[in-house]
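Bear in mind these aren't lab numbers, they're just calculated from the coordinates by the rules spelled out. Predicted model, so just to flag it, every value in this text is computed and none were measured. When we count neighbours, we look across all protein chains shown, and the Cβ atoms used for this are built from the backbone with ideal geometry, even at glycine.
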């Protein structure tokens, strides 16, 4: 299976990436406004938040492998603050946050490099056994509701198909 690159992709993307011999397509034409440089999360209030990695001007029919990340704004800081705000009270954020934070401290030149390294880390974390912590278990039962998809807050907000795999990682 051949998949496009993706930033904090949906759970279905990660499942495909982990279940089959997949390749990430680098020679495709970069499509704007796709999950190649965008992610969708649900914040602590249950509202949908889009995270977008700014890229340098994209020429007509530019290859994905040639897409450069722009650092004219402090997008890394903003994304990290948003992730902390959205997930800091989930049961497993404190166990996995240190693995993701370096992606928001290091500058990558190419979008595909950031996505590939981050997705490799996410796959490794999804395969790890979750720590058994009584506080987390109690908190999950008392404060959170989780449906079969691993998404949080579904007792208050409808299920969303495109949510980032982070909902599964931090709350599963």
Check your understanding: How many residues does region 33-63 contain that are over 18 Å from residue 78 (Cα atoms) and part of a strand (DSSP E or B)?
Key -> 1
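Take the residues in region 105-120 that are out of contact with any strand residue (DSSP E or B) (no Cβ under 7 Å at 6 or more places or on another chain) and surrounded by 15 or more Cβ atoms within 10 Å (Cβ to Cβ); name whichever of them is nearest to residue 22 (Cα to Cα). Even if it seems obvious, please write down each step before you answer.
First pass over region 105-120, keeping only residues out of contact with any strand residue (DSSP E or B) (no Cβ under 7 Å at 6 or more places or on another chain): 105-107, 112-113, 115, 117-120.
Restricting the remaining residues to those that are surrounded by 15 or more Cβ atoms within 10 Å (Cβ to Cβ) gives 112, 115, 118-119.
Numbers: 112: 15, 115: 15, 118: 16, 119: 13 Å.
Applying the filter and picking the extreme gives 119.
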Check your understanding: Just wondering, is there one or more residues in region 53-74 that are under 17 Å from residue 164 (Cα atoms), in contact (Cβ under 8 Å) with a residue 12 or more places away in the chain and buried (at least 19 other Cβ atoms within 10 Å of the Cβ)?
Key -> yes
Review point. Which members of region 77-92 meet the condition of being closer than 11 Å to residue 166 by Cα, part of a loop (DSSP other than H, G, I, E, B) and either touching a strand residue (DSSP E or B) at 6+ places or on another chain (Cβ under 8 Å) or without any contact (Cβ under 8 Å) to a residue 60 or more places away in the chain (or both)?
Key: 90
Check your understanding: Right, residue 17: assigned to a helix (DSSP H, G or I), more than 17 Å from residue 123 (Cβ to Cβ) and touching a residue at least 60 places away in the same chain (Cβ under 8 Å) or not?
Key -> no
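Residue 5: in contact (Cβ under 8 Å) with a residue 12 or more places away in the chain and either over 24 Å from residue 106 (Cβ atoms) or out of contact with any strand residue (DSSP E or B) (no Cβ under 6 Å at 6 or more places or on another chain) (or both), yes or no? Give the derivation first.
Details: in contact (Cβ under 8 Å) with a residue 12 or more places away in the chain: yes; either over 24 Å from residue 106 (Cβ atoms) or out of contact with any strand residue (DSSP E or B) (no Cβ under 6 Å at 6 or more places or on another chain) (or both): no.
Judged against the criteria, residue 5 is not a match.
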